[in-house]
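Engineer: Below is one structure. I have some questions about it.
What follows is calculated from the coordinates using simple rules that are stated; it is not laboratory data. Just so it is clear, the structure is predicted and the values come from calculations on it, not from any experiment. Here Cβ is always computed from backbone atoms with ideal geometry, including for glycine, and neighbour counts include all displayed protein chains.
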Amino acid sequence: MDQLFVDIADYIHDHEITSELAYETARWCLMDSLGCGILALNYPQCRNMLGPIVPGAELKGGCRVPGTPLELDPVKAAFDIGTQVRWLDFNDTWLAAEWGHPSDNLGAILAVADYQSRVGGQTVTVRDILTAMIKAHEIQGVLALKNSFNRVGLDHVLLVRIASTAVAAKMLGCDKAQTMNAISNAWIDGGALRTYRHSPNTGSRKSWAAGDATSRAVRLALIAKSGEMGYDTAMTAPQWGFQDVLFKGQEVVLSRKLDAYVMENILFKISFPAEFHAQTAVECALQLHDAVKDRLQEVERVEMQTQEPGVRIIDKKGPLNNYADRDHCLQYMAAVGLIFGELTADHYEDSVASDPRIDALRERMVVSENESYTVDYYDEEKRAIPNSIQVFFNDGTSTPKVEVHYPIGHRRRREEGIPVLQAKFARNLATQFKPAACDSIVASYADLAEFDAMSAEDFMGSMVKQAVDSDSLLA
């Protein structure tokens, strides 16, 4: 069996997580991710993706989907939860040689936890969910440190499928050999093309791709649990293995021992639903809003400096066709911040994008790489995501150059960020739940011992009962 499969399975089955910092961060991550999923229910295109594959295919007593009355099989529930969490690009993220959003794995984790509690007869607690989250984050994030799948055209949801398959297999009761079989099949699936994240094909698939990956992971874990075989050298087989076929012959490596590093250092999107390489750019724009808002007609140019990935991924000129195009455009996000002094999901909608001031300001923007920003970005100790903005006016004057190295969701700003993260959660809940239910859900996170001991069934139930107009959510 390929050593990569062995290492991941050993970690999943045998490694004990001892980091209380990781568990503390996982609680915040669980809270934030569910809040993002609840907020996504306000968008019809997201709601249209949810529910049984065909009418009548519900599973009474099955997996719940937060904020809805749905009860589904674990495969479709994983899709729905993963899609909710990811829809608005507002959940946590991880930046390295490859990037991604490890909380995407919650689609599989919550679906399987609820299924095992309600159908499988197992005792699953929130602490078990947190442990699965830490391990899924670690597998996805450590694989991303040195292996750049996007550079060969593959999307980072590949790593969601790998991590979710591993944790789902363990949660479903697979032994170590069955877990390795499931992981081998997950790699054999190959990877989705990144084309839906880039012009000219940028589209909404990027919002449900993670749900698709977690759904496939649960299916592969169930197949392995049934006794289906795995493939020992699915990674390394000459000519036909993943590395030769899809990774240009490069070795896929785990660059550090798997433990809890990723969860401890995860990045939260606290203030804006924006692609993470632009988070500090938006902070810069908001700082400059008062100096620019009344002088938009006088702007000669806007100089923006960013890291190399920021240039490569979100430096976009020309027409932006839809929501997905706009929330991955550095210039659009910065322009909205300069003009409006805020950036919300609604600012990506057509009604706002039609404001002629946005494109007029975009046309005056000059984006360049700052090499020192790139160095700090790839430094595993700093893990900085720097951006700067300076606005120049026709009369020869200019604003100060505003520079932000660490976004508010960074570990180095955790003390400042957590209260804002909690406020974000409460605000998101209030879009779908009555005040009493909001207060009850928020309060459940206060007593850590009681929260960790809560059953998965009760925890998932608390997120679906008392939803406002729940019968109309999928109308």
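Engineer: Which order do 348, 445 fall in if you start with the one that has the fewest other Cβ atoms within 10 Å?
Structural biologist: Values: 348 25, 445 16.
Final ranking by Cβ density, sparse to dense: 445, 348.
Engineer: In terms of the Cα gyration tensor, with a ≥ b ≥ c the square roots of its eigenvalues, is region 322-419 rounded because a/c is under 1.5, prolate because a/b exceeds b/c, or oblate? Display every interim value, and only then the final one.
Structural biologist: On the way: a/c = 1.91, a/b = 1.33, b/c = 1.43.
Oblate shape, in that a/c is at least 1.5 and b/c is the bigger or equal ratio.
Engineer: Further, regarding this structure: Can you compute the radius of gyration and Dmax for the chain, using only the Cα atoms, both in Å?
Structural biologist: 22.0, 74
Engineer: Could I ask something else about it? Helix 74-86 versus the longest principal axis of the chain: what angle, 0 to 90°, nearest 10, using Cα atoms?
Structural biologist: Between the helix axis and the principal axis of the chain, the angle is about 20 degrees.
Engineer: Which ³J(HN,Hα) values, rounded to whole Hz and listed in residue order, are derived for region 387-399 from phi using the Karplus coefficients 6.51, -1.76 and 1.60 in 6.51 cos²θ - 1.76 cosθ + 1.60 with θ = phi - 60°, glycine and proline given as x?
Structural biologist: Working through the residues one at a time gives 8, 9, 9, 9, 10, 10, 10, 5, 8, x, 7, 7, 7 Hz.
Engineer: For region 56-157, run through the trypsin sites (Lys or Arg not before Pro) and keep only the ones in DSSP coil with at most 13 other Cβ atoms within 10 Å of their Cβ. Intermediate values should be presented prior to the final figure.
Structural biologist: Numbers: sites: 60, 64, 76, 86, 118, 127, 135, 146, 151; in loops: 60.
Those satisfying the criteria are 60.
Engineer: Still on this structure, I have one more. Where does the charge balance sit around residue 382 when Lys and Arg score +1, Asp and Glu -1, over other residues with C-beta under 14 Å from its C-beta?
Structural biologist: Neighbourhood net charge equals 0.
Engineer: What FRET efficiency, computed as 1/(1 + (r/R0)^6) with R0 = 56 Å and r the Cβ-Cβ distance, is obtained for residue 237 and residue 397, rounded to the nearest 0.05? All intermediate terms of the calculation are to be shown ahead of the outcome.
Structural biologist: Numbers: r = 64 Å, r/R0 = 1.14.
Once the sixth-power term is evaluated, E becomes 0.30.
Engineer: Now a separate question. Given H placed on each backbone N at 1.01 Å, which residues far from residue 125 in sequence or on other chains put an amide H within less than 5 Å of it?
Structural biologist: Here 456 satisfy the definition.
Engineer: Could you list 240, 94, 87, 208 in order of exposure, starting from the residue whose Cβ has the fewest other Cβ atoms within 10 Å? All intermediate terms of the calculation are to be shown ahead of the outcome.
Structural biologist: Details: 240 11, 94 25, 87 28, 208 22.
So the residues, fewest neighbours to most, are 240, 208, 94, 87.
Engineer: When the helix-only estimate is applied to the chain (DSSP H runs of n ≥ 4, each -39,500 (n - 2.57), divided by the residue count), what is the mean residue ellipticity at 222 nm, nearest 500 deg cm²/dmol? If you can, show how the numbers build up before the last one.
Structural biologist: Values: 22 runs with 236 residues, N = 475.
Here the helix-only value at 222 nm equals -15000 deg cm²/dmol.
Engineer: Further question: Quick check on packing: order 33-46, 217-230 by the mean number of other C-beta atoms within 10 Å, highest mean leading.
Structural biologist: 33-46, 217-230
Engineer: At 37 °C and a viscosity of 0.692 mPa s, what translational diffusion coefficient does Stokes-Einstein give for region 89-203, taking Rh as the Kirkwood radius over Cα pairs? Give it in µm²/s as a whole number. All intermediate terms of the calculation are to be shown ahead of the outcome.
Structural biologist: On the way: Rh = 14.9 Å.
The diffusion coefficient I find is 220 µm²/s.
Engineer: Is the shape of region 268-352 best called rounded, prolate or oblate, per the rule: a/c under 1.5 gives rounded, else a/b larger than b/c gives prolate, else oblate, with a ≥ b ≥ c the square roots of the Cα gyration tensor eigenvalues? Let's see the in-between values first.
Structural biologist: On the way: a/c = 1.31, a/b = 1.22, b/c = 1.07.
Rounded.
Engineer: While we're looking at this one, here's another question. Specify whether the C-alpha gyration tensor of region 56-137 places it in the rounded, prolate or oblate class, a ≥ b ≥ c being the square roots of the eigenvalues: rounded for a/c under 1.5, otherwise prolate if a/b is larger than b/c and oblate if not. Before the final figure, lay out each step's value.
Structural biologist: Values: a/c = 2.77, a/b = 1.50, b/c = 1.84.
Verdict is oblate for region 56-137.
Engineer: Return the long-range amide H neighbours of residue 301 (sequence gap of 5 or more, or a different chain), with a cut-off of under 5 Å between placed amide H atoms.
Structural biologist: Answer set, sorted by chain and number: 392.
Engineer: At a Cα cut-off below 25 Å, give the lysines reachable from residue 170, other chains included and same-chain residues fewer than 8 away excluded.
Structural biologist: Candidates past the 8-residue exclusion: 60, 76, 135, 225, 257.
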